[in-house]
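First up is the structure itself, then whatever we jot down about it.
The values are calculated or read from the model by the stated rules, or taken from the named source; none is laboratory data. Because the structure is a prediction, the values reported are computed rather than measured. Counting neighbours? That spans all protein chains shown, and the Cβs are built from the backbone with ideal geometry, glycine included. Side chains are part of the model used for accessible areas, which takes the heavy atoms of the whole protein and leaves out ligands, DNA and RNA. Shrake-Rupley method; radii C 1.70, N 1.55, O 1.52, S 1.80 Å.
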Amino acid sequence: MTIIDFIRHGEPDTHIHDDRLRPLTTRGQRQSHAIATNLIYIPYTAVYASPAARATETVQPLATVIGKEIIHDDRLLERQMPDWVVDFPGYVRKQWTDLTYAQAGGGESIVQVQARYQAFMQSLPQDGVVAVGTHGTAMSSVVEMIWPGHGAPFFSALRFADVIRVNIQARKLVSLMASRPFSVLGQTMTVAIDQPLGKAYQERAQLIYPVNCGKVTQIVGGNVEKQDAYVLGQKYRCHPGLETFRQ
């Protein structure tokens with residue numbers, strides 16, 4: 001199995017308009033050092049990065065502390081944009097609505113970005129554990145590959161220096177771990193309850209469910225299945241006809 005930790009670049013200095021040369025801000029540099037501290041004990045076999053300065057600078061402290069040289073790969077660049085887009089938010093919405101859409105003049109579609117990243121991931125050793133310095137839209141395109149329809153909401157929740165983990169087996173994407181952008185903490189969620197409190201376990205009738213068990217309908221867990229959830233308390237005892245709980 002190949003394990004890939006995609007690391008979004010830290011906060012960039014948007015005063016620099018050259019996409020490849022745009023560096024990190026002072027805050028972005030602090031974020032890069034925090035990444036190194038947080039990931040130092042993961043046994044990475046290699047560190048890759050987009051050639052864009054902000055992505056390389058983000059994983060440089062990690063590469064230094066674990067004694068790895070950064071391997072640059074053009075396939076890891078951010079989605080390429082046309083020279084000028086008047087309505088940038090509208091353009092982005094259109095691209096996530098139609099993954100094949102790209103404005104003429106040098107732009108890339110989400111599907112084209114996915115193809116680059118797919119080729120990169122399939123080129124990795126099948127037993128590697130790699131860190132990858134990358135970009136927000138590109139990371140979101142990978143999420144879209146694994147969980148269609150969720151690339152755009154993932155991007156809207158993604159912060160600088162966030163990390164997701166992708167597992168590849170037999171050169172196929174098999175799981176995604178992205179706890180923070182899809183976290184349910186502090187949010188109102190709907191739980192589809194399939195095993196209500198008091199129900200007998202289907203294979204062992206003497207075992208009774210002590211809580212309501214179900215799935216959070218809006219998110220998936222690390223195995224790309226709906227996230228397990230438990231609704232606690234006797235007052236939330238489900239009865240026939242009550243199939244969901246919202247809190």
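Give region 90-117 a look and list any residue that's surrounded by 16 or more Cβ atoms within 10 Å (Cβ to Cβ) and of a type in the set (Asp, Glu), or say none.
Passing the criteria: only GLU108.
I want to confirm something. Restricting to region 41-66 and keeping residues that are more than 23 Å from ASP19 (Cβ to Cβ), more than 20 Å from the chain's Cα centre (by Cα) and among the hydrophobic types (A, V, I, L, M, F, W, C), which single residue is surrounded by the fewest Cβ atoms within 10 Å (Cβ to Cβ)?
Step by step, filter region 41-66, then rank; the result is VAL65.
Within region 20-40, take every residue that is within 19 Å of the chain's Cα centre (by Cα) and among the hydrophobic types (A, V, I, L, M, F, W, C) and give me the one that is most open to solvent (accessible area, probe 1.4 Å).
ALA34
Within region 82-102, track down each residue that is polar (S, T, N, Q) and out of contact with any Lys or Arg (no Cβ under 9 Å at 6 or more places or on another chain).
Result: THR97, THR100.
State whether the residues of region 63-73 include one that is of a type in the set (Gly, Ala, Ser) and in contact with a Gly (Cβ under 6 Å, 6 or more places away or on another chain).
No, that holds for no residue.
Across region 151-161, which residue is nearest to LEU99 (Cα to Cα) among those that are in contact (Cβ under 8 Å) with a residue 12 or more places away in the chain and surrounded by fewer than 21 Cβ atoms within 10 Å (Cβ to Cβ)?
The qualifying residue nearest to LEU99 (Cα to Cα) is ALA152.
Six or more apart or on different chains, Cβ atoms under 7 Å: show the pairs whose first residue is in region 129-142 and β-branched (Val, Ile, Thr) and whose second is open to solvent by 10 Å² or more (accessible area, probe 1.4 Å) and part of a helix (DSSP H, G or I).
THR137/PHE155
Need at least 3 residues that are within 20 Å of THR2 (Cβ to Cβ) and not acidic (Asp, Glu) per element, so show me which helices (runs of 4 or more DSSP H) inside region 78-197 make the cut, counting only ones lying wholly within it.
Because the criterion is at least 3 residues that are within 20 Å of THR2 (Cβ to Cβ) and not acidic (Asp, Glu), the helices (runs of 4 or more DSSP H) in region 78-197 that meet it are 110-122, 136-146.
Output the number of residues of region 94-120 satisfying the condition of being more than 17 Å from MET145 (Cα to Cα), in contact (Cβ under 8 Å) with a residue 12 or more places away in the chain and not small (Gly, Ala, Ser).
Counting residues in region 94-120 that are more than 17 Å from MET145 (Cα to Cα), in contact (Cβ under 8 Å) with a residue 12 or more places away in the chain and not small (Gly, Ala, Ser) gives 1.
Within region 72-89, can one find any residue that is at positive phi and either open to solvent by 40 Å² or more (accessible area, probe 1.4 Å) or among the aromatic types (Phe, Trp, Tyr) (or both)?
Looking through region 72-89, none of the residues is at positive phi and either open to solvent by 40 Å² or more (accessible area, probe 1.4 Å) or among the aromatic types (Phe, Trp, Tyr) (or both).
Can you name the number of the only condition in (1) polar (S, T, N, Q); (2) within 14 Å of THR134 (Cβ to Cβ); (3) at pLDDT below 95 that SER32 fails?
Of everything listed in (1) polar (S, T, N, Q); (2) within 14 Å of THR134 (Cβ to Cβ); (3) at pLDDT below 95, SER32 misses just condition (3).
Could you check region 1-25 and list, in sequence order, the residues that are part of a strand (DSSP E or B) and either of a type in the set (S, T, N, Q) or without any contact (Cβ under 8 Å) to a residue 24 or more places away in the chain (or both)?
Passing the criteria: only THR2.
So which residues in region 201-227 are assigned to a strand (DSSP E or B) and modelled with pLDDT under 70, if there are any at all?
Across region 201-227, the qualifying residues are THR217, GLN218, ILE219, VAL220, LYS226.
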